[in-house]
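Data first, discussion second: the structure below is written as structure tokens.
The values are calculated or read from the model by the stated rules, or taken from the named source; none is laboratory data. Since the model is a prediction, treat every value here as computed from it, not as a measurement. Counting neighbours? That spans all protein chains shown, and the Cβs are built from the backbone with ideal geometry, glycine included. Side chains are part of the model used for accessible areas, which takes the heavy atoms of the whole protein and leaves out ligands, DNA and RNA. Shrake-Rupley method; radii C 1.70, N 1.55, O 1.52, S 1.80 Å.
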Amino acid sequence: MWIDYLVWTVQNLLFPVVVPVVLLTGVILAVWIERRGAGFIQDRVGPNRVTLFGFRNAGLMQPIADALKLLVKEEFIPEKADRFLFFLAPTLSMIPALLTFMVIPFGDVLVLGKYRIPLQVADLNVGLLFIFAISSLGVYGIVLGGWSADNKYSILGGLRSSAQMISYEISMGLAIIGILIVFESVRLNDIVRMQGDLLFGFLPRWGIVVQPLGFLLFFVAALAETNRIPFDLPEAEAEIVAGYHLEYSSFKFSMFFMAEYVNMMVASGFIVSLFLGGWQIPWLPTEALVAHVGPILTAVLQVAAFAVKLWFIMWVFVWVRWTLPRFRYDQLMGLGWRVMLPLALANIFVTSVVPFVLGVY
Amino acid sequence: MIKIKPVSPPEGKRYPISERIYLVEIFKGMGLTLKHLVRNLVTYPTKNRTVVTIQYPDETREYSPRFRGRHRLKKNPDGSLRCVACKLCAENCPSHCIFIEPAAYPDPSMGNYPKRYEINITRCIFCGFCVEACPKGAIEMTEVSEMAGSTRAVFDKDFLLADGEEPAR
């Protein structure tokens, strides 16, 4: 049957191509939100000049113009750079960023007759672990980029990044344990589906409701993992010029740049899936939606809900960036090991003990 | 009036707990940035914008009426030049950027006029001494500040006399 092939094509060929393309296109929107948002936060306007066919379009084309400019710029490689690793590093930071998004569901399973199309690229039953496994690889891109360039500032950035990311990955992982205890699954779609339940009959059982401390810890750790202000020490432009991507130019720089924004989107998607109900529209479970508006429109609405939440978290990233100053390095480590780690452990303890005390199990 | 909080805690005391856990202060700060963002976004389409950017080619800064921009030579009501080529402006110019070649009118009763009157605008420091020195009020400075060009411009008499772009104020 040709429709079997169509469904197979959509699942196995269309999604793996469309999702990275959407992510890379999303970088444009992310940069636009960042620069215009920064402008308005700082009482200025931000870039609004670049035109497309003579229309100003509020500066949306500025990131494209920047990308084109980077593409045609001279590619400079330091004389004593380790050329192989120097070429490898941008790829190593880009690929994990794109890979991790593959397991994040952006809609409930689309049921069309006898066909079940999961609205995610790979419906892994170990989705959560996969994300942790792959996103840890991202640090290699930064460390190798800093090390191979043969520049003291670069290597400082790379070393800072490795120490920072390893420290905060622990808090991040421990913050997740609470979610695992509550939802009893590592398959992301199951976690999202369970967040559609209602607590006390009116409150959506989102991760942020049942794990507020976990959300806070995870959000802070996600800021650190994506090297965003206030944790952007690997590229601290005031101290170590540009850190790990100091010697990079042209397309390799733009790959680092895009990887940062894709990482932000992955972190946002992850936060949304675990703590903000993923594709769930509050008080409207999939079954009720399908019964009223049909399966296709349901999928569209759920993807839209996911996108709205994702871009809200992206905006919070930007908002935090233009509010807070950068941490000092000892403060960063102090926060990671002396505050976040004990709090995450305490969160696990409370999450595991309270149900027993209350007699839920 | 901006209230300034002391940076360090009082002698022998620690910061209050609300500041030591950072979070409250962070949320206050984020509220401040959000307030600015919302205010700027809401007033952006209206007349009284709160963003301070002057979007230059579209909007220009309001100049003071005493702004000293590009020079302009003035004419009498009958159309003749006011300048009598006395060279006081050139003499007073601290950067020696004014060059005048005087010539006499055919009618001796009308005196002299500048055959050439050139200002090397790349040397001019826009001090306005030429305007102050002129006994005839023949030279003045306009509000024109856009003089960028791809050549080293020497403004000649015809250019300085041209009223076309910038009317006298």
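Just a few scattered comments:
- Alpha carbon centroid spacing (whole Å) that separates segment A:288-314 from segment B:67-86: 72
- Residue by residue, segment A:232-248 carries 3J(HN,Hα) couplings of 8, 4, x, 10, 2, 5, 7, 9, 10, 6, 9, x, 5, 9, 4, 8, 8 Hz when phi is fed to the Karplus relation 6.51 cos²θ - 1.76 cosθ + 1.60 (θ = phi - 60°); x denotes Gly or Pro.
- Heavy-atom SASA rank of A:Lys252, B:Lys3 (probe 1.4 Å, accessible area, largest first): B:Lys3, A:Lys252
- The residues packed around B:Phe126, meaning those with a beta-carbon under 14 Å from its beta-carbon, carry a net charge of +1 if Lys and Arg are +1 and Asp and Glu are -1.
- Residue order by solvent-accessible surface for A:Phe200, A:Phe215, A:Phe356 is A:Phe200, A:Phe356, A:Phe215, largest first, with ligands and nucleic acids left out and a 1.4 Å probe.
- Computed [θ] at 222 nm, deg cm²/dmol, the protein assembly as shown (DSSP H ≥ 4; -39,500 (n - 2.57); rounded to nearest 500): -16000 deg cm²/dmol
- Counted by Cβ distance under 10 Å from A:Thr298, the other residues give a net charge of -2, where Lys and Arg count +1 and Asp and Glu count -1.
- Phi angles of segment A:294-307 translate, via the Karplus equation with coefficients 6.51, -1.76, 1.60 and θ = phi - 60°, into HN-Hα couplings of x, x, 5, 5, 4, 4, 4, 5, 5, 4, 5, 4, 4, 5 Hz per residue; Gly and Pro are given as x.
- Couplings for segment A:127-141, taken from phi via the Karplus curve 6.51 cos²θ - 1.76 cosθ + 1.60 with θ = phi - 60°, read x, 4, 5, 4, 4, 5, 4, 6, 5, 5, 5, x, 5, 4, x Hz in order; Gly and Pro are left as x.
- By the rule of a C-alpha distance below 26 Å, with chain neighbours fewer than 8 residues away ignored, the lysines paired with A:Lys152 are A:Lys73, A:Lys80, A:Lys252.
- Peptide B:15-27, shielding by other chains (average Cβ, 10 Å cutoff): 1
- For a label point 7 Å along the Cα-to-beta-carbon line of A:Leu358, residues of segment A:187-213 with backbone N under 19 Å: A:194-213
- A loss of 30 Å² or more of accessible area (1.4 Å probe, protein heavy atoms, ligands and nucleic acids excluded) relative to the isolated chain is seen in these residues of segment A:287-324: A:Trp315, A:Trp319, A:Thr323, A:Leu324.
- Exposure check, 1.4 Å probe, all protein chains in place: A:Leu324 carries approximately 40 Å² of accessible surface.
- Residue-count net charge about A:Phe253 - beta-carbon cut-off 13 Å; Lys, Arg +1, Asp, Glu -1: -3
- Take the convex hull of the alpha carbons in segment A:184-301; its mean projected area over all directions comes to 10.1 nm².
- The modelled label-to-label distance for the pair A:Gln331/A:Ala288, using points 7 Å beyond Cα in the direction of Cβ, is 4.6 nm.
- Label-point separation in nm, B:Ile17 to A:Asp43, each point 7 Å along Cα→Cβ: 3.7
- Other protein chain Cβ atoms within 10 Å, averaged over every residue that makes up A:7-20: 0
- Summed over both chains, the contact between B and A buries some 1600 Å² of accessible surface at a probe radius of 1.4 Å.
- The GluC sites (Glu not before Pro) of segment B:37-101 that DSSP puts in a loop, and whose beta carbon has at most 16 other beta carbons within 10 Å, are B:Glu59, B:Glu62.
- Principal axis dimensions, largest first and in whole angstrom, of chain B by Cα: 92, 42, 32
- Largest-first principal axis extents, alpha carbons of segment A:74-358, Å: 65, 45, 32
- Relative to the longest principal axis of the Cα atoms of chain A, the long axis of helix A:341-358 lies at roughly 0 degrees.
- Mean Cβ count within 10 Å, highest first, over the residues of peptides A:90-101, B:99-110, A:306-317: A:90-101, A:306-317, B:99-110
- Cα long-axis angle, helix B:23-43 against chain B (0 to 90 degrees, to the nearest 10): 40
- Calculated accessible area for the protein assembly as shown comes out at 54 Å² per residue, all protein chains present (probe 1.4 Å; ligands, DNA, RNA ignored).
- These residues, A:Glu235, A:Glu75, go from largest to smallest accessible area, 1.4 Å probe, as A:Glu75, A:Glu235.
- Potential lengthening of the chain between A:Leu112 and A:Val17 amounts to 32.0 nm, from the contour at 0.36 nm per residue minus the alpha-carbon distance.
- The solvent-accessible area of B:His96, taken with every protein chain present and a 1.4 Å probe, is close to 130 Å².
- Surface share of carbon and sulfur [accessible, 1.4 angstrom probe, percent] for segment A:74-358: 72
- For the protein assembly as shown, the square roots a ≥ b ≥ c of the C-alpha gyration tensor eigenvalues yield an a/c of 1.5 or more together with a/b exceeding b/c, which makes the shape prolate.
- The charge dipole of chain A, taken about the Cα centre with unit charges on the Cβ atoms of Lys, Arg (+1) and Asp, Glu (-1), comes to about 520 debye, rounded to the nearest 20.
- Acute angle (nearest 10 degrees) that the helix A:152-183 long axis makes with the longest principal axis of chain A, alpha-carbon atoms: 10
- Pairwise FRET efficiency - B:Ile26 versus A:Glu79, Cβ, R0 = 51 Å, nearest 0.05: 0.70
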